[in-house]
Amino acid sequence: MKGRKNKTIISLILFLLAFSMGFCQEKSTSDNFIFKTEVHADLLFHALAHMDLGNDASNLYSEDYIKNISMEKQKLGIKDSLKNQMDSIKDIFISDSGLRMINFLPFYFADYEEFIRGLRWLATDSKEKNHNETLNSFKTRVMASQKQRDFISEFSRILDNEYQTFYLDYWKKEQGRLAAIKGQFEEFVTTNGEKIFSPIMKKEKKDAVVYLCLSMTRNGRGFGSRNRFGAAIKFPEKGEEFLPRFIMAIHEMTHQFSDALVMKAENIDYSQSSAVAGSEGYRVHMASEYGVIYAEYLLFQRFLPEYLRDYVLYFSDDSDKEAKDKPTEELVKIFKTRIKLSDKSIGSITDYINKL
């Protein structure tokens, strides 16, 4: 499958969903699309874009992004040491899969101050309960070692320094620059999202929250709760990016119902999933990916057929240079041959969507 598009960060989502159930900070009242831009979420991904994880689906490292940020800092006379700081702690992060859960923590905090206080609390060995239940669950299930606490302590220091010396002002400037395009994109997502995803939202009795992240360099992040489907995607900067970003948002949220269908049909344990190619859990990861891609295909086919061809092209093989010239019927046929799912999984996904 297409590595740069289908290797989304999903290997720990079910765990996150498990400990976040019931702890959503906002109660849903209807099936709405809600959009958020939060500096603490962007700051986290900004830092992770400076840390090379190698052959890992969660890797956000981008030399282009680093180059652009360095140029912005040079204009302000700020010495750029963020990559070196992230390099100093990356070996711990790479070797400890539990720490990857920090990718999802920002979505359970209201603002930067609450987020940084939460990280500092995680870095302590305090046995007292935190008012944020997500933090309590994270500390109980993940933060078991002093090495992990030391990592969080240094990571929070790096984040706060970057926030104070550069990122907050930069973030505000970029939000102003992109304000108009943000409104246009939100209208695009709401209009098309209501067509393709409202049936799911009504069935599951959930809203959908979409974070637009300046520093999301590739793929996206999916998260959820009892009341919300959630997705974090790259902030689009031009109209041509609207549809790809929309597809990624739907992709991340579709995982949150399709994964369970596939795991049950295939009789496999999602907790064994690994996004590292060649690892033992990679088969589980790919079953999840094939499942979500097929589920999305059925959703586009039924509820948003005007973009079905674009969806199939989005997940077409990069090596197929003539894909854009092929008839839709041929593209769909090729697309289906690449979906490696059992008849049982296909049947389970199809049944779910047919009943919407």
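Only one residue in GLU72, GLU63, GLU133, GLU114 is of a type in the set (D, E, K, R), more than 17 Å from PHE151 (Cβ to Cβ) and modelled with pLDDT under 95. Which one?
Going through GLU72, GLU63, GLU133, GLU114 in turn, just one is of a type in the set (D, E, K, R), more than 17 Å from PHE151 (Cβ to Cβ) and modelled with pLDDT under 95: GLU133.
Checking PHE115 against (1) loosely packed, with under 15 Cβ neighbours inside 10 Å; (2) closer than 26 Å to TRP171 by Cβ: exactly one of these is not met. Which one?
Every listed condition holds for PHE115 apart from (1).
Any residue that is surrounded by 17 or more Cβ atoms within 10 Å (Cβ to Cβ), charged (D, E, K, R) and not in a helix (DSSP H, G or I) - is there at least one of those in the range 55-65?
Looking for residues that are surrounded by 17 or more Cβ atoms within 10 Å (Cβ to Cβ), charged (D, E, K, R) and not in a helix (DSSP H, G or I), one finds at least one in the range 55-65, hence yes.
Quick test of your reading of the structure: SER95 fulfils all but one of (1) farther than 30 Å from ARG228 by Cβ; (2) among the small types (Gly, Ala, Ser); (3) in contact (Cβ under 8 Å) with a residue 12 or more places away in the chain. Name the failing condition by number.
All conditions are met except number (3).
Here's the yes/no breakdown for (1) of a type in the set (Ser, Thr, Tyr); (2) modelled with pLDDT under 95; (3) surrounded by 15 or more Cβ atoms within 10 Å (Cβ to Cβ):
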| residue | (1), (2), (3) |
| --- | --- |
| GLN146 | no, yes, no |
| PHE155 | no, no, yes |
| ASP169 | no, no, no |
| GLN175 | no, no, yes |
| LEU178 | no, no, yes |
| LYS182 | no, no, yes |
| GLU186 | no, no, yes |
| THR190 | yes, no, yes |
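Grab the helices (runs of 4 or more DSSP H) fully contained in the range 159-224, keeping just those with 2 or more residues being in contact (Cβ under 8 Å) with a residue 40 or more places away in the chain, within 17 Å of ARG245 (Cβ to Cβ) and not acidic (Asp, Glu).
179-196
Can you name the number of the only condition in (1) of a type outside the set (A, V, I, L, M); (2) touching a strand residue (DSSP E or B) at 6+ places or on another chain (Cβ under 8 Å); (3) touching a residue at least 60 places away in the same chain (Cβ under 8 Å) that LYS234 fails?
Condition (3) is where LYS234 drops out.
The values are calculated or read from the model by the stated rules, or taken from the named source; none is laboratory data. The structure displayed is predicted, hence computed values, not measured ones. Backbone-built Cβ (ideal geometry, glycine too); neighbour counts: all protein chains shown.
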